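Here the structure is laid out as structure tokens; the discussion comes afterwards.
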Amino acid sequence: MTAWLSGEWPWYVAGPLIGLFVPALLIVGNKVFGISASLSHLCAAVAPGKVEYFRYDWRRAGLWNLVFLAGVLLGGFLASQGGPHSIHISDATHASLVKLGIHDFSGLAPRELFTWHALLTVRGFVSVVVGGFLVGFGTAYAAGCTSGHAISGLANVQVPSLIAVIGFFAGGLAATYFILPLVIGGV
Amino acid sequence: MSTLSVSEFQGCGSGGAEKPEAPLRFLPVYLLLGAAFGFVLSRSEVLSWFRIQEMFRFQSFRMYGIIGSAVATAAVSLALIKALKLKSVQGVAISVPPKVLGSGIQYAAGGTIFGIGWALTGACPGPLFALVGNGVTVMLAAAISALLGTWSYGWIKPKVPH
């Protein structure tokens, strides 16, 4: 039992559980499962400025989404209470990443890149700040992220979502093979 | 984006004139569902930079199994909801408004830009926040940067192709 609360779940348990958030949110309030819209709602709430895109009633459109997002943070905290956790990746990935210059495999993300201290290095700054910016810009431009397009959209058999998901992988592969070696290895 | 907003107006707005606060009663449910989602993101390890690298390097079936079975579960659930013409517990007919295709450029270009960010941070928007909860607090900086990114898109939106 405790292993289920603190260990790694097999894919065939994790995947269906993630998929069930689609019907759960529809049944609770006719809400379409998606996370990235809440980034727009936060902008609309905090600093809409004179930007047309953010001039809408964010409370009405997205308060539920922001509350859901606060829950995600809380859920992450609860999950971390089982103690420190390292990820058992495949030997092939381990070898590829060592070659790239990653040596600390003890956390959820490599500490060479994802600590406040590393933020002052080029590779930490690119991973966190540049990467974060592209996540926010890209999901707003594509009108959805992994949850909205890859899960909700593909399940609803939408062509726009299929195009978006192909884009996710095109961008991800390009970054993995061409940008990461420069960022992590080079500088 | 606009299609999503329309659906929300239908969802929250029905009967809004006489009972504007009715949807607020459901906020604790969304908090609970969000917490469950954050927990699942953590235990499934899809919030891990290492797992995302494993996926983009095609060195493990795990992420594909997770995404594939999530889509299959959601698709079967959606088909059932449509076949049974279910209503939400708030009494609204359930509908998923389709995204408007247009030229498709916004999905291809936006998707690719997000994909680069996904590989760099190792996290999509949900995991960014779940990671902060897990104690990887530097992801707060990534989340703030993501907000700046979204804001920049809103600002430049009239000038980029859709």
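Here are a few things to note about the model shown:
- Chain A: angle of helix A:91-100 to the longest principal axis, Cα-based, in degrees nearest 10: 80
- Take every pair of alpha-carbon atoms less than 8 Å apart whose residues are at least six positions apart; their mean separation over the length of chain A yields a relative contact order of 24 percent.
- Ranked A:V28, B:V89, A:V22, criterion: other C-beta atoms within 10 Å, fewest first: B:V89, A:V28, A:V22
- Over the Cα atoms of the protein assembly as shown, the radius of gyration divided by the Kirkwood radius equals 0.95; this is the Rg/Rh ratio.
- Of the DSSP H helices in chain B, those whose Cα atoms cover at least 15 Å axially and whose Kyte score averages 0.5 or more: B:27-43, B:62-83, B:105-121, B:139-156
- Taking only the Cα atoms of the stretch A:1-83, the radius of gyration and Dmax are 16.3, 53 Å.
- Applying Stokes-Einstein at 4 °C and 1.567 mPa s to the Kirkwood radius of chain B, computed over alpha-carbon pairs, gives a translational diffusion coefficient of 69 µm² s⁻¹.
- Histogrammed with a bin width of 10 Å, the alpha carbon distances of the stretch A:87-187 distribute as 14, 37, 33, 15, 1 percent, first bin at zero.
- Number of Lys pairs (Cα under 23 Å; 8 or more positions apart or on different chains) in the protein assembly as shown: 13
Only the coordinates and a few stated rules stand behind these numbers; no lab work does. All values reported here derive from a predicted model rather than from experimental measurement. When we count neighbours, we look across all protein chains shown, and the Cβ atoms used for this are built from the backbone with ideal geometry, even at glycine.
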